[in-house]
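Below is one structure; the comments refer to it alone.
The values are calculated or read from the model by the stated rules, or taken from the named source; none is laboratory data. On a predicted model such as this, the values are computed, not experimentally measured, just so you know. Backbone-built Cβ (ideal geometry, glycine too); neighbour counts: all protein chains shown. The protein model used for the area step is the full one, side chains on, heavy atoms only, and it has no ligands, DNA or RNA in it. Shrake-Rupley method; radii C 1.70, N 1.55, O 1.52, S 1.80 Å.
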Amino acid sequence: MVSQSTTSSVPVAGVAERDRPGAGEQVLDAVARSWRPVVLLLACLVLWWVITAAELVEAYLVPSPAKTLQVMSDKAGYIWHHTWITTYETLLGFVIAAIVGVLAAVLMVYSSSIERTLYPVLLFAQVIPKVAIAPLLVVWLGFGLAPKVVVAVLIAFFPVVISMVTGLKAVDPEMIQLSATMGAGPLQTFSKIRFPASLPHLFSGLKVAVTLAVTGAVVGEFVGANEGLGYVIQQANGNLDTPMLFAGLLVMSLIGVVLFVLVEFAEKLLLPWHASRRGAAVTTTY
Amino acid sequence: MVERSEGTGKEAGRGGSVRLEDVAVRFRTKKKDVTALRDVSLDVAEGEFVAIVGPSGCGKSTLLKLVAGLLKPSSGSVRLREEPVTGPRNDIGYVFQRAALLEWRSARRNILLQAEMRRMPADRSRRRTADLIAMTGLAGFEDAYPHELSGGMQQRVALCRALLHEPPVLLMDEPFGALDALTREQLNIELNRIWRETRTTVLLVTHSIAEAAYLANRIVVMTDRPGTIAEVIDVDLPDERDYATTMARPEFARATGRIRDLLGAASAAD
Ligand SMILES: Nc1ncnc2c1ncn2[C@@H]1O[C@H](COP(=O)(O)OP(=O)(O)OP(=O)(O)O)[C@@H](O)[C@H]1O
Ligand SMILES: [Mg+2]
């Protein structure tokens with residue numbers, strides 16, 4: 001819908017146009033919001049540095065931050081290649097889990113017999129330790145991309161389904177009644193009311209899912225791979241190359257954090273109306 | 001505001017627009033059964049304005065939902081515009097007791113939801129939305145989201161949404177509950193005008209005795225749970241009613257006095 005800017009630009013008493021915050025203000029704002037976790041991270045780094053500098057632990061067990069960074073820059077090409085592989089597996093697994101999860105949730109909400117059939121199966125699939133079935137998947141699907149993606153899907157799928165089912169069921173029944181008084185069909189009710197109303201729930205599920213998908217991909221790589229960060233860590237482990245091991249771990253966590261932030265950003269873009277995303281209009285709060 | 005979404009058959013004249021016969025509604029929950037309505041029979045003629053008053057929890061909202069086909073009576077029958085009600089009806093405009101707005105849509109797009117669901121022509125619904133926004137004093141807040149609106153503003157958005165498609169029957173559940181006295185008065189006057197111009201059948205649930213008497217042809221007074229109809233009061237006032245002079249008329253005083261007696265008796269009976 002194109003908004004009628006002509007009517008809304010008419011000045012109304014008591015309604016003032018707000019200045020858009022400048023770039024400088026936005027940066028300051030971002031700094032003001034994120035300095036605490038940054039300080040905490042720096043504190044951890046310092047602690048790590050102190051432990052290694054004071055040689056509280058043997059250097060071959062815990063490498064110094066400098067050494068780890070050294071490895072990261074020396075082997076940047078190698079790490080980058082494997083990082084990309086793991087990221088690709090994670091993303092593929094996450095996207096498939098999101099699509100299949102949402103579809104399964106919709107089916108389950110609209111048909112109670114499907115729900116009764118699927119729920120136990122889902123729960124079963126969820127409680128099986130993924131580390132335990134990963135070898136089987138490798139036997140079945142080979143050493144390529146497939147088993148890693150499948151493990152990522154299996155592990156990320158559950159939070160998506162659960163959150164989406166909750167979201168679709170949590171719609172105010174009066175909204176559905178409203179839609180009925182408008183003569184809306186089930187498809188219209190779904191697309192204009194049910195689905196948008198369930199998005200906040202879905203996004204909390206997606207945020208959990210994306211971090212789990214990283215774990216899934218790495219678990220898949222542990223079991224049988226010649227590429228990816230899981231492989232890097234296993235190799236480093238075999239060679240007692242702790243700096244590389246630490247580097248792999250750091251990068252792996254970074255993937256999870258970046259993907260999480262991306263999903264959160266998408267949430268912010270898509271759901272500016274949601275209570276958890278408001279607050280711009282607040283003048284004074286205690 | 002003359003055309004309607006469907007032919008309503010004005011020539012049908014005083015044919016029953018809403019007819020409830022011996023209706024009872026029982027809610028079964030795990031803990032207990034509640035009889036919300038019992039022995040309710042009501043005939044509302046086409047173009048008539050009926051107000052419903054009664055103590056809280058007596059089944060007023062339940063009654064409106066029955067007429068809209070959103071609830072099924074446990075016994076008895078409901079007819080709307082000569083047809084038995086067998087499921088949700090869309091030849092109505094419904095104002096819910098809570099504004100029931102979609103949080104992710106601006107005020108204007110909440111009103112336009114009605115048009116989208118009914119696939120109304122875009123330019124007509126757009127113009128009508130602008131008219132309704134102006135009429136209800138929401139100008140300047142078209143693009144505000146529900147959480148940026150006051151409770152009364154939200155109710156006005158819900159009112160606009162229910163009026164957008166010019167329904168032949170309007171069901172309103174305390175549409176002015178959260179409004180200040182003056183805005184409420186203005187909207188009462190507007191509602192009276194809309195009703196006279198469109199001859200829409202209106203069922204209005206309200207807690208305001210004055211509002212009921214100012215707007216309605218007849219007032220249904222209900223008793224406390226289980227809700228039954230205590231009395232139906234005729235308001236002998238002309239359809240066109242000036243606010244101040246109507247309040248001063250003896251017919252108005254008689255109607256409001258009678259409602260007070262009935263409601264007082266109902267609450268004194270507990
Ligand atoms: N979905 C439901 N399940 C169980 N009981 C219900 C349900 N809806 C309404 N009731 C019961 O039916 C009775 C009538 O409810 P209703 O909402 O019609 O009252 P009301 O007259 O509209 O009250 P108010 O003026 O406070 O809005 C109440 O006692 C309520 O507890
Ligand atoms: Mg009610």
Legend entry - Count of residues meeting criterion [outside any strand (DSSP E or B), within 8 Å of chain A (Cβ to nearest Cβ) and within 16 Å of ligand 2 (Cβ to nearest atom)] in region B:52-99: 5
Legend entry - Residues being among the basic types (Lys, Arg) and either under 15 Å from B:Ala230 (Cα atoms) or within 8 Å of ligand 1 (Cβ to nearest atom) (or both) - total across region B:31-41: 1
Legend entry - Residues (in contact with a helix residue (DSSP H, G or I) (Cβ under 7 Å, 6 or more places away or on another chain) and surrounded by fewer than 19 Cβ atoms within 10 Å (Cβ to Cβ)) located in region A:188-198: A:Gln188
Inset, instruction - Considering (1) free of Cβ contacts under 8 Å to residues at least 40 places away in the same chain; (2) more than 18 Å from the chain's Cα centre (by Cα); (3) not in a helix (DSSP H, G or I), say which one B:Leu102 fails and leave the rest. - result: (1)
Legend entry - Any chance B:Ala144 is in contact (Cβ under 8 Å) with a residue 24 or more places away in the chain, among the aliphatic types (A, V, I, L, M) and more than 14 Å from chain A (Cβ to nearest Cβ): no
Inset, instruction - Determine whether region B:158-181 contains at least one residue that is open to solvent by 20 Å² or more (accessible area, probe 1.4 Å), outside the structural domain of B:Arg105 (by TED's automatic domain parsing) and assigned to a helix (DSSP H, G or I). - result: yes
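A quick yes/no check of all residues on (1) among the aromatic types (Phe, Trp, Tyr); (2) at pLDDT 90 or above:
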residue: A:Leu40; (1), (2): no, yes
residue: A:Glu55; (1), (2): no, no
residue: A:Ser64; (1), (2): no, no
residue: A:Tyr78; (1), (2): yes, yes
residue: A:His82; (1), (2): no, yes
residue: A:Thr87; (1), (2): no, yes
residue: A:Leu91; (1), (2): no, yes
residue: A:Ile96; (1), (2): no, yes
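Filter region B:47-79 down to residues that are among the hydroxyl-bearing types (Ser, Thr, Tyr) and within 10 Å of ligand 1 (Cβ to nearest atom) and give me whichever is least open to solvent (accessible area, probe 1.4 Å). Step through it out loud before you land on a result.
First, pick out the residues of region B:47-79 that are among the hydroxyl-bearing types (Ser, Thr, Tyr): B:56, B:61-62, B:74-75, B:77.
Filter again for within 10 Å of ligand 1 (Cβ to nearest atom), leaving B:56, B:61-62.
On the way: B:Ser56: 92, B:Ser61: 35, B:Thr62: 19 Å².
The selected residue is B:Thr62.
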Inset, instruction - Look at B:Val44 and say whether it is more than 14 Å from chain A (Cβ to nearest Cβ) and within 16 Å of ligand 1 (Cβ to nearest atom). - result: no
Inset, instruction - Kindly establish whether A:Ala197 is touching an Asp or Glu at 6+ places or on another chain (Cβ under 9 Å), modelled with pLDDT under 95 and in the same structural domain as A:Ala170 (by TED's automatic domain parsing). - result: yes
Inset, instruction - State which residue pairs qualify: first residue within 13 Å of chain A (Cβ to nearest Cβ) and inside region B:152-174, second residue basic (Lys, Arg) and within 16 Å of ligand 2 (Cβ to nearest atom) in any location, beta carbons under 9 Å apart, and separation of 6 or more residues or different chains. - result: B:Ala158/B:Arg98; B:Leu171/B:Lys65; B:Asp173/B:Lys60; B:Asp173/B:Lys65; B:Asp173/B:Arg98
Inset, instruction - Check whether at least one residue in region B:30-41 is under 22 Å from B:Ala158 (Cβ atoms) and in a loop (DSSP other than H, G, I, E, B), and report yes or no. - result: no
Legend entry - In region B:90-103, the residues that are touching a Ser or Thr at 6+ places or on another chain (Cβ under 7 Å), open to solvent by 10 Å² or more (accessible area, probe 1.4 Å) and either away from ligand 1 (no atom under 16 Å from the Cβ) or over 23 Å from B:Ala36 (Cα atoms) (or both): B:Asn90
Legend entry - Positions within region B:36-51 being over 18 Å from B:Pro168 (Cβ atoms), of a type outside the set (Gly, Ala, Ser) and more than 16 Å from ligand 2 (Cβ to nearest atom), in sequence order: B:Arg38, B:Asp39
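Conditions tested, residue by residue: (1) without any contact (Cβ under 8 Å) to a residue 40 or more places away in the chain; (2) buried (at least 19 other Cβ atoms within 10 Å of the Cβ); (3) more than 12 Å from chain B (Cβ to nearest Cβ).
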residue	(1), (2), (3)
A:Gly144	yes, no, yes
A:Val153	no, yes, yes
A:Phe157	no, yes, yes
A:Val161	no, yes, yes
A:Met164	no, yes, yes
A:Asp172	yes, no, no
A:Ala184	yes, yes, no
A:Pro200	no, yes, no
A:Thr211	no, yes, yes
